[in-house]
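One structure is given here, and the rest of the page talks about it.
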Amino acid sequence: MVTVLSGSNRKGSETLRFAHQYADFLRKHTDQEVKVLALEEIPHDYFFPEMYSSKRQAASLRAVQDEYMIPAEKIVYVTSEYNGGFNGALKLFLDACSVREYSATFKGKKAALVGVASGRAGNLRGMEHMTGVLNHVGTIVMPNKLPISRIEELIDDNGDIVDTATLSVMEKHAKEFIEF
Ligand SMILES: Cc1cc2nc3c(=O)[nH]c(=O)nc-3n(C[C@H](O)[C@H](O)[C@H](O)COP(=O)(O)O)c2cc1C
């Protein structure tokens, strides 16, 4: 199973559009099950001072971790650029998961990174930081990371990604990750 994690918890995030598009490309090229996990759509009741005890982990988060993180052999992290790094909600989510079933959640898994940004950097710096975090927890990151910049110029009035060069590079990246 492959999970595509949309790493922005902002309501109506652009990152989720790119996550769905990436998932569509994966489904086009593999028969494996592909699930999209959107941080903006999950309950947000797992942020409290006792959250770092496995016994106190929120039941809502446990259910998300059990459905999307633990069974996934591969995870695509689609990361939005927030203040020159990846969205803090994503780090909070990873930290909150890490207190229970650490190995089953992260160790030996393969990850692909996609950066999404309004600016020119395509979250390159955030993806580098994310690589360090994922390596720390035992996840193997595909060396080819995909920065997507100036996203407002790639989307039409309906919110569809219409830039052909971007679609093409996303599909190529998804195919590479299937082989990885
Ligand atoms: C708090 C905040 C900080 C942001 N910082 C950056 C930034 O440093 N560089 C950048 O290119 N875009 C930045 N953005 C724009 C996001 O990259 C942009 O909103 C994009 O749509 C991805 O985020 P989203 O998935 O939450 O929509 C920021 C947006 C917010 C809300």
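Where the only charges are on Cβ atoms (+1 Lys, Arg; -1 Asp, Glu), what is the dipole of the range 43-167 about its Cα centre, to the nearest 20 debye?
Result for the range 43-167 is approximately 700 debye, rounded to the nearest 20.
Label residue 51 and residue 178 with points 7 Å out from Cα along Cα→Cβ: what is the distance between them in nm?
Result for the modelled spin labels: 3.6 nm.
What is the sum of charges around residue 102, taking Lys and Arg as +1, Asp and Glu as -1, for the other residues whose C-beta is under 13 Å from the C-beta of residue 102?
Every neighbour counted, the sum reads +1.
Enumerate the amide H contacts of residue 82 below 5 Å, restricted to partners 5 or more residues apart or on another chain; note that Pro and chain-start residues carry no placed amide H.
87
Taking every Cα atom in the range 88-180, find the radius of gyration and the maximum pairwise distance Dmax, and write them in Å.
Considering the range 88-180 through its Cα atoms, Rg and Dmax are 15.0, 43 Å.
Write down the radius of gyration of the range 58-124 and its Dmax, each obtained from C-alpha positions, in Å.
13.2, 39
Measure nothing but the geometry: give the 0 to 90° angle between the long axis through the Cα atoms of 14-29 and the longest principal axis through the Cα atoms of the chain, rounded to 10°.
Rounded to the nearest ten degrees, it is 80.
Would you mind telling me the antiparallel percentage of the DSSP bridges in the chain, rounded to 5?
Here the share of antiparallel DSSP bridges comes out near 10 percent.
Once you put a point 7 Å from the Cα of residue 103 and another 7 Å from the Cα of residue 169, both along the Cβ direction, what distance in nm separates them?
3.9
Which percent of the Cα-Cα distances in the range 1-75 go past 18 Å?
Value for the range 1-75: 46 percent of Cα pairs lie more than 18 Å apart.
Under 25 Å between alpha carbons, and skipping anything fewer than 8 positions from residue 109 in its own chain: which lysines qualify?
Straight-distance partners of residue 109: 28, 35, 55, 74, 91, 145, 172, 175.
Principal axes first, then extents: for the Cα atoms of the chain, list largest minus smallest coordinate on each axis, whole Å, largest first.
48, 32, 27
We did not get these values from a lab; they are worked out from the coordinates using the rules stated. Worth saying up front: this structure is predicted, and the values here are computed from it rather than measured. Every residue, glycine among them, receives a Cβ derived from its backbone with ideal geometry; neighbour counts consider all protein chains shown.
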